[in-house]
1. To the nearest 10 degrees, how steeply does helix 123-143 sit against the main Cα axis of the chain, on a 0 to 90 scale?
2. What FRET efficiency comes out for N42 versus A275 if R0 is 56 angstrom and r is the Cβ-Cβ distance? Round to the nearest 0.05.
3. When N counts the residues of the range 77-199, how does its alpha-carbon radius of gyration compare numerically with 2.2 N^0.38 Å, as a ratio?
4. Order by neighbour count: K290, K341, fewest other Cβ atoms within 10 Å first, most last.
5. Using only the Cα atoms of the range 36-115, what semi-axes does the equivalent ellipsoid have when each is the square root of 5 times a gyration tensor eigenvalue? Give whole Å, largest first.
6. Return the distance in nm (one decimal) between the two label points of a simple spin-label model at V368 and L70, each offset 7 Å from Cα along Cα→Cβ.
7. Could you give the length gained on full extension between Y247 and R117, defined as 0.36 nm per residue of separation minus the Cα-Cα distance, in nm?
8. Once you charge only the Cβ atoms, +1 for Lys and Arg and -1 for Asp and Glu, what is the size of the charge dipole of the range 26-381 about its Cα centre, to the nearest 20 debye?
Amino acid sequence: MASLIANYNYLSKSQLDGFDKYKYSSVDTSPLSKYVMHPFWNQLVKVCPLWFPANLLTLIGWLLSLFMFLLMSYYDPHFISVSTVGQSVPRWVWLAGAICIFCSHQFDGIDGKQARRTNTGSPLGELFDHGCDSSTVSFMGIGIFSCFGVGNETASEVELFFLAVAVFYAFYFSHWEKYTTNVMYLPWAYDVSQFFLCGAFLVTYYYGPEFWRQQISENYNLTQILKTILYVLAPTLCVPPSIYNQYVARRDHPERCVSFTEGLMPMFSLTAVTASFFYFGYFSNVQLFKTDLRLYCITYGILYSNINCRLILSQMTSSQCDRFNVLALPLFPMIVCSHLKVFREDLMLLALFAFVVIGHLHYGINVVRQLADHLNVYVFKIEKPPAKSVTNGYSNGSANKTNGKVSQD
């Protein structure tokens, strides 16, 4: 039983075959990315020794974002230290957060370039990179809220949750487009958001969190203006370009696109989970938004990460996406128990958090293991293992193929 759990095969034979046929295709029109970041990363990657695996760069960048989130969670678990006397976050924490975000961004920018330098590009690298990014967006998107805090002068608990949802959806749009069109349209907002996050922590380090509450006009302070800008920019920069890109792809290359109905399924899947999760929290008897906001947000964030990872896998293998994420199924009995007042909701949320974390780690580790075995590559080594004729219990005649590349950047 233990061996079955540790070596569970999530990938079907047809999905493994899909990885053999996979080719990465992307479009990057961001001036900041093309004229600033990529030239910088082309020089930065030369510092990296040729024996250093690209996936290890990805992992280090992910660990830095996790460390930033854990640091903020320890010193400001409820997003209230900004407004609570005697509970202010030490100044060095803001500086550490800025350094973590900056370094994580650079590692994410050079991992694909390192893979091409070492000739170790493979679909595994892209899956590992984008899979890690799926949870990094949760750590950073939630971690930044400590700079602004919860309160009448900034944002309510419900508003903070929906600001996180807006950030998650913005990241999700790129992978949704790729699922429907087979092309990754890289968002302009990615590099900009990293600079904003890093800058926000640096400003907080130098001037304190009170900086974000200074009055800009009679009725609005800086945080309220930034919040309004995000409300406007998130849908404006994501929805119209996405619809246009999908329209052009369907018009010019309909043979590459999934059906219109199938193309809506990824958005339906995420929205159904989001609505169910929000319902459980908003109508809870113990007001989870007020008592356990950080735990509530990160539980949703990890659940979101699993949804996104499964969508990425579906893109790369040309398989059908999930209609409803399996890790979200406990939400339905939880909602029933909440209405019947059978169990305490804070304990149910904690149990769901543990279940989602374990389930997501189990999924990620076993998918990476199974794909690495299929492609006959090491995850964190440059050299290749001995050739295999049979892997994962499936006959594999293409174990040495490494089509595609680790990632765009």
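1. 0
2. In this case the efficiency is close to 0.80.
3. Here the Cα radius of gyration is 1.25 times the empirical estimate.
4. K341, K290
5. In descending order the semi-axes read 33, 12, 8 Å.
6. 1.5
7. My answer for the length gained is 43.2 nm.
8. It comes to approximately 480 debye.
Read-outs: derived from the displayed coordinates by stated rules, not from any lab. None of the values given here were measured: they were computed from a predicted structure. Methodologically, a virtual Cβ is constructed for each residue, glycine included, from the backbone with ideal geometry; neighbour enumeration extends over all protein chains shown.
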